[in-house]
Structures are given as C-alpha cells and as structure tokens.
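The values are calculated or read from the model by the stated rules, or taken from the named source; none is laboratory data. Values in this document were obtained by computation on a predicted structure and should not be read as measured data. Note that each Cβ is placed from the backbone with ideal geometry, even for glycine, and that neighbours are counted across all protein chains shown. What goes into the accessible areas is simple: the full protein's heavy atoms, side chains included, and nothing from ligands, DNA or RNA. Shrake-Rupley method; radii C 1.70, N 1.55, O 1.52, S 1.80 Å.
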Amino acid sequence: QVHLVESGGGLVQPGGSLRVSCTTSGLTFSGAIMSWYRQAPGKEREWVATNTNFGGTTYKDSIKGRFTISRDNAMNTVYLQMNDLKPEDTAVYFCRADRPGRVYWGQGTQVTVSS
C-alpha cells in the first residue's frame with residue numbers, strides 16, 4: 001500500500017522560511033514524478049512545483065525564486081523549501097506522486113503565514 005505523509009508545516013511570520021517534507025512508502029520513489037500542490041481556504045487546489053524522476057524542476061510563476069523543490073531518493077522523500085513567505089502562501093500543502101497510470105496524494109500539512 002502506498003502512503004505519502006507530509007510534515008513540517010506551521011505558523012511563520014511574513015518574510016520567514018519553512019521547509020515541508022513528504023515521505024513515501026510502498027512506492028518506487030526513484031521512478032515517480034513528485035509534485036507539491038496547495039489549497040487555500042475557499043479556493044481550488046493549485047499546482048506549486050514538480051520534480052521529475054530525472055531531476056528536472058518546474059514552478060508556478062508566483063513562487064519562482066522563493067520556493068525550491070528537491071528530492072532524496074535514498075530517503076524516499078521530497079521537500080519544498082519556502083523562503084520569503086507571504087500571507088497569500090497560507091494554505092494546506094499536499095504532495096502528489098505520479099507513477100504510470102496511478103496518482104497518489106498525501107493528507108496535507110498546514111502552512112500559515114501571519115504576523
């Protein structure tokens with residue numbers, strides 16, 4: 001059975017930094033395309049960043065230069081380093097794993113940016 005577990009969310013002041021993690025099990029992690037999504041209150045879930053299984057990365061325009069997605073295949077974990085956080089970054093952050101014909105989601109971790 002595949003599990004994705006996010007952690008590292010919390011409350012941070014504007015301009016601060018936070019790193020969220022997503023640890024997987026039951027998945028051939030090295031072959032998975034890993035992504036982060038987020039969902040703010042009252043809004044639809046939106047894509048944030050993707051790290052492919054050959055190391056390429058892509059980002060949503062509004063977070064370019066502030067967020068970095070990375071992965072550790074030995075630890076079956078994907079990270080999202082978030083710097084210069086803004087109140088509009090407040091959301092539940094979800095990780096997603098794409099394998100051929102299958103998509104898996106974690107349960108999410110709350111990130112709140114507020115003074």
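General remarks:
- Residue tally, condition open to solvent by 50 Å² or more (accessible area, probe 1.4 Å) and under 21 Å from HIS3 (Cα atoms), over the stretch 97-115: 8
- Count of residues meeting criterion [under 14 Å from ASN51 (Cα atoms), of a type in the set (Gly, Ala, Ser) and in contact (Cβ under 8 Å) with a residue 24 or more places away in the chain] in the stretch 62-115: 1
- Among residues of the stretch 56-87, those that are farther than 20 Å from THR112 by Cα, part of a loop (DSSP other than H, G, I, E, B) and open to solvent by 50 Å² or more (accessible area, probe 1.4 Å), counted: 4
- Qualifying positions in the stretch 41-63 - among the aromatic types (Phe, Trp, Tyr) and in contact with a strand residue (DSSP E or B) (Cβ under 9 Å, 6 or more places away or on another chain): TRP47, TYR59
- Taken over the stretch 41-55, the criterion of being within 12 Å of VAL78 (Cβ to Cβ) and surrounded by 15 or more Cβ atoms within 10 Å (Cβ to Cβ) is satisfied by VAL48, ALA49, THR50, ASN51, ASN53.
- None of ASN51, ASN73 is under 19 Å from THR23 (Cβ atoms) and in contact with a Lys or Arg (Cβ under 8 Å, 6 or more places away or on another chain) except ASN51.
- Hey, LEU18 open to solvent by less than 60 Å² (accessible area, probe 1.4 Å) and hydrophobic (A, V, I, L, M, F, W, C) or not: yes
- Selection of the stretch 1-44 for residues being over 17 Å from the mean Cα position of the chain (by Cα) and acidic (Asp, Glu) yields an empty set.
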